[in-house]
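Participant: Mind having a look at this structure? Questions to follow.
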Amino acid sequence: MQLKQIDKDRYRSHFNVVIVFAVAVFSALGVGFSALLIRFFGEAGGDNFYLNLLGVASAAFLSVLMLRALKHTSYFYELAYIWDLKQELNLINRKHLKLKAAVAANDPDAIIVMFYNLTGSRQLWLLDDNVLNLQELELELIQLEHQIKSLGLQVNTNQYSRNLLQKF
């Protein structure tokens with residue numbers, strides 16, 4: 001997965017609209033399905049917990065299906081990109097300890113993966129206004145860039161591919 005430039009205002013605007021829409025649809029479907037199930041299969045004044053649970057579970061399933069179907073539309077472009085980026089960074093973070101050791105040993109593949117991880121994390125944190133630990137991340141990125149320069153490597157985020165993770 002390659003890093004892309006994302007318009008922060010458009011991303012935040014679309015994210016907020018999708019969140020409100022998803023909550024509204026999920027709530028309406030949950031109440032609607034539960035009411036229908038209770039009407040046809042429930043008991044008046046009885047314990048309808050499992051029918052309510054089935055209604056809410058059905059609403060959740062249908063809501064997820066709708067979001068997945070809409071993921072590939074142009075409106076969801078930024079949201080889908082961030083979703084995919086978070087998944088990619090999560091895969092990298094699962095191997096973080098091994099990667100740090102390999103970077104310390106000057107492994108070029110580990111350096112590429114770590115550069116991608118830090119650059120992608122910075123982009124993600126800036127888009128989500130999660131700047132609490134941004135200085136630490138940027139310091140780590142600067143140190144990695146110095147290491148890259150001292151080794152005489154040419155590294156950019158386009159060199160990253162998921163296949164590089166198999167080594168670690």
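Participant: Scan the stretch 1-62 for trypsin sites (Lys or Arg not before Pro) in coil per DSSP, keeping those whose Cβ has at most 13 other Cβ atoms within 10 Å, and list them by number.
Facilitator: Counting only loop positions with at most 13 other Cβ atoms within 10 Å, the trypsin sites (Lys or Arg not before Pro) in the stretch 1-62 are K4.
Participant: Considering only lysines 8 or more places apart in sequence, or on different chains, count the pairs in the chain whose C-alpha atoms sit under 27 Å apart.
Facilitator: 21
Participant: For Cα Rg over 2.2 N^0.38 Å, the listed values are [x] 1.15; [y] 1.07; [z] 1.45; which was obtained by calculation from the structure presented?
Facilitator: From the options [x] 1.15; [y] 1.07; [z] 1.45, the structure gives [z].
Participant: Please give, to one decimal in nm, the separation of the simple spin-label points placed at H14 and L53, each 7 Å out from Cα toward the Cβ.
Facilitator: Rounded to a tenth, the inter-label distance reads 3.8 nm.
Participant: Counting only the backbone N, which residues of the stretch 1-22 are under 20 Å from the spot 7 Å out from the Cα of K98 toward its beta-carbon?
Facilitator: 1
Participant: Based on the Cβ-Cβ distance of E140 and N106, what FRET efficiency does E = 1/(1 + (r/R0)^6) give at R0 = 22 Å, to the nearest 0.05? Numbers along the way, then the final one.
Facilitator: On the way: r = 16 Å, r/R0 = 0.74.
The pair E140/N106 has a calculated efficiency of 0.85.
Participant: Expressed as a rounded percentage, what relative contact order does the chain have, with Cα pairs under 8 Å and six or more residues apart?
Facilitator: Averaging sequence separation for qualifying contacts and normalising by length gives 26 percent for the chain.
Participant: In addition: What does the helix-only formula give at 222 nm for the chain: each DSSP H stretch with n ≥ 4 adding -39500 (n - 2.57), the total divided by the residues, and the result rounded to the nearest 500 deg cm²/dmol?
Facilitator: On the way: 6 runs with 120 residues, N = 168.
Calculated at 222 nm, the ellipticity per residue is -24500 deg cm²/dmol.
Participant: R0 = 41 Å: FRET efficiency of Y75 with S150, Cβ-based, nearest 0.05? Please report the intermediate quantities before stating the final value.
Facilitator: Details: r = 45 Å, r/R0 = 1.09.
Plugging the Cβ-Cβ distance into 1/(1 + (r/R0)^6) gives 0.35.
Participant: Count the net charge of all other residues whose Cβ sits under 13 Å from the Cβ of Y77, scoring Lys and Arg as +1 and Asp and Glu as -1.
Facilitator: 0
Participant: Starting at the first residue of the stretch 82-91, write each ³J(HN,Hα) from the Karplus equation 6.51 cos²θ - 1.76 cosθ + 1.60 with θ = phi - 60°, in whole Hz, x for Gly and Pro.
Facilitator: Working through the residues one at a time gives 5, 4, 5, 4, 4, 5, 5, 5, 5, 4 Hz.
Participant: If you don't mind, another one. Which trypsin sites (Lys or Arg not before Pro) in the stretch 83-125 sit in a loop by DSSP (not H, G, I, E or B) and have at most 14 other Cβ atoms within 10 Å of their own Cβ?
Facilitator: Sparse-neighbourhood loop trypsin sites (Lys or Arg not before Pro): R94.
Only the coordinates and a few stated rules stand behind these numbers; no lab work does. If you're wondering where the values come from, they're calculated on a predicted model, not measured in any experiment. Because the Cβ atoms are built from the backbone with ideal geometry, glycine has one as well, and the counts that use them run over all protein chains shown.
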